[in-house]
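Everything below concerns the one structure shown next.
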Amino acid sequence: MKKIKTVVVFGTRPEAIKMAPVVMELKKRKEIETYVLVTAQHRQMLDSVLDLFNIKPDYDLNLMKENQDLWHLTSDILLSTKKVYDEINPDIVLVHGDTTTASISALSAFYSKIKIGHVEAGLRTFDKNYPFPEEINRVIVDSVSDLYFCPTKGSIDNLINSGIKNKNSIFETGNTVIDALLYTIKNNLSDISYLGLNPNLKTVLLTSHRRENFGKPLENICKAAVEIVKRYKDVEIVYPVHPNPNVKNTAEKFLKGIERIKLIEPLDYAPFCALMKKSTLILSDSGGVQEEAPSLGVPVLVLRDETERPEALYSGCTKLVGSDKEKILKEAGILLEDKEEYQKMAKNINPYGDGHASAKIADIIIKHFA
Ligand code: UD1
Ligand code: UDP
């Protein structure tokens, strides 16, 4: 029997977390021959996920450069993925989400006339600048894809409304991030005592890395963090700082040395899950965190003005607060002071899937090529 040659491409931390369960599932299937191609758009943060899930890439393009820009990254990915596709001659390339790795490796596959499957298809804000450049990256991937693995009904509607005509190519699978989260919590119970968190204080977890928040918005977020620990003496803020110099420099300038604010290196995924689980409240502009936190029953104040993940918003587990200092303070204050309001948001629900998205994706691919 001829096997379905499948290349799974990813390059950043969130893509690796969300593609790891897909790789593990595809490798179990006798009908599929799986190749893992990493661009290494991220280096250290990617490697820590590869280690956790024990994935050894077949091809590692090792592209990350310090403070890289989108133009060079784009041209590097386009040219180097072509070489790998030429060598493997795959039946299908799977990409994930909305990064430059996703959009350009999909475009590259399209130029080589290879079928494309989009994992986490159909997310939209319908505003080309928010998030930047992710909204357009998603549109690029969706416009060249042949199979769409949508996390929710809403993402299916987005695809149909944006003119994808072949409904038989669109599937609701759930988000593979829930597969990764449940796998990690089950298999990698992580001890985070080394972080030295004070057991008598409430933990507020902060993450921020989006390009739209560089500069003033991130400064405002940092100022809000300083004010939160000033007002609430029973709160400790933990901020695993993204290594992007645009983030790191601002975080260090405003927050280094402030009492009850811990600036730490990015955490490996297992301890990060443990830290999310332990937190009273999360302040974040991350996409993945908005999907994971509802499954852990932890409220998230989203440090963005728009989100492509409205399901958590509608179910009341997340709230958009943007980057305005006063707005962040007000909403964080409500959750830290008002038990009733807190309980309303601290719901344990799974709007993004049941942990079986990867198995559904593997089944769909096999059926498609049968
Ligand atoms: C990228 C994605 C974004 C995603 C984010 C997740 C694009 C355009 N952006 O943004 O969609 O939300 O990843 O984190 O695809 N760096 C390191 N080590 C690492 C990772 C990054 O030092 O392991 C530093 C490097 O200096 C690098 C910089 O961060 O040049 C920026 O990385 P890049 O992937 O271009 O942008 P992100 O902001 O991480
Ligand atoms: N994450 C992690 N360590 C950290 C911060 C985040 O493992 O220190 C995980 C988080 O649980 C989520 C993913 O990284 O699964 C999100 O990555 P990021 O916020 O960088 O990107 P986004 O989801 O916004 O694209």
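Some notes on this structure:
- From GLU219, GLU212, residue being in contact with a Lys or Arg (Cβ under 9 Å, 6 or more places away or on another chain) and under 30 Å from ALA109 (Cα atoms): GLU212
- Qualifying residue in region 228-236 (condition: in contact (Cβ under 8 Å) with a residue 40 or more places away in the chain, in a helix (DSSP H, G or I) and not basic (Lys, Arg)): yes
- Checked against the criterion of being of a type in the set (A, V, I, L, M) and open to solvent by 40 Å² or more (accessible area, probe 1.4 Å), region 235-249 has no qualifying residue.
So that you can scan it fast, the table gives a plain yes or no per residue for (1) without any contact (Cβ under 8 Å) to a residue 60 or more places away in the chain; (2) more than 18 Å from GLY288 (Cα to Cα):
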site: ILE4; (1), (2): no, yes
site: VAL22; (1), (2): no, no
site: LYS27; (1), (2): yes, yes
site: HIS42; (1), (2): yes, no
site: LEU52; (1), (2): no, no
site: PRO57; (1), (2): yes, yes
site: LYS65; (1), (2): yes, yes
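- Being farther than 23 Å from VAL177 by Cα and among the hydroxyl-bearing types (Ser, Thr, Tyr) holds for only one residue in THR207, THR250, THR307, THR280, and it is THR250.
- Any chance LYS347 is surrounded by fewer than 18 Cβ atoms within 10 Å (Cβ to Cβ) and in a loop (DSSP other than H, G, I, E, B): yes
- In region 30-47, the residues that are within 10 Å of ligand 1 (Cβ to nearest atom) and surrounded by 19 or more Cβ atoms within 10 Å (Cβ to Cβ): THR39, ALA40, GLN41, HIS42, MET45, LEU46
- Across region 227-264, the number of residues qualifying as farther than 28 Å from ASN348 by Cα and among the acidic types (Asp, Glu) comes to 3.
Yes/no matrix, rows are residues, columns are (1) farther than 24 Å from PHE369 by Cα; (2) of a type outside the set (Gly, Ala, Ser); (3) touching a residue at least 60 places away in the same chain (Cβ under 8 Å):
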site: THR125; (1), (2), (3): yes, yes, yes
site: LYS128; (1), (2), (3): yes, yes, no
site: PHE132; (1), (2), (3): yes, yes, yes
site: VAL141; (1), (2), (3): no, yes, no
site: SER145; (1), (2), (3): no, no, no
site: PRO151; (1), (2), (3): no, yes, yes
site: ILE178; (1), (2), (3): yes, yes, yes
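- Of the criteria (1) outside any helix (DSSP H, G or I); (2) open to solvent by 10 Å² or more (accessible area, probe 1.4 Å), which one ILE282 fails: (2)
- From the options THR12, THR99, residue that is open to solvent by less than 10 Å² (accessible area, probe 1.4 Å) and near ligand 1 (Cβ under 10 Å from one of its atoms): THR12
- Residues that are closer than 26 Å to GLU306 by Cβ and either at pLDDT below 95 or of a type in the set (A, V, I, L, M, F, W, C) (or both), drawn from region 239-259: VAL241, VAL247, ALA251, PHE254, LEU255
- Of all residues in region 308-320, one or more are part of a strand (DSSP E or B) and touching a residue at least 24 places away in the same chain (Cβ under 8 Å).
The values are calculated or read from the model by the stated rules, or taken from the named source; none is laboratory data. Since the model is a prediction, treat every value here as computed from it, not as a measurement. Neighbour counts run over all protein chains shown; Cβ positions are idealised from the backbone, glycine included. SASA here: full protein model, heavy atoms, side chains in, ligands and nucleic acids out. Shrake-Rupley method; radii C 1.70, N 1.55, O 1.52, S 1.80 Å.
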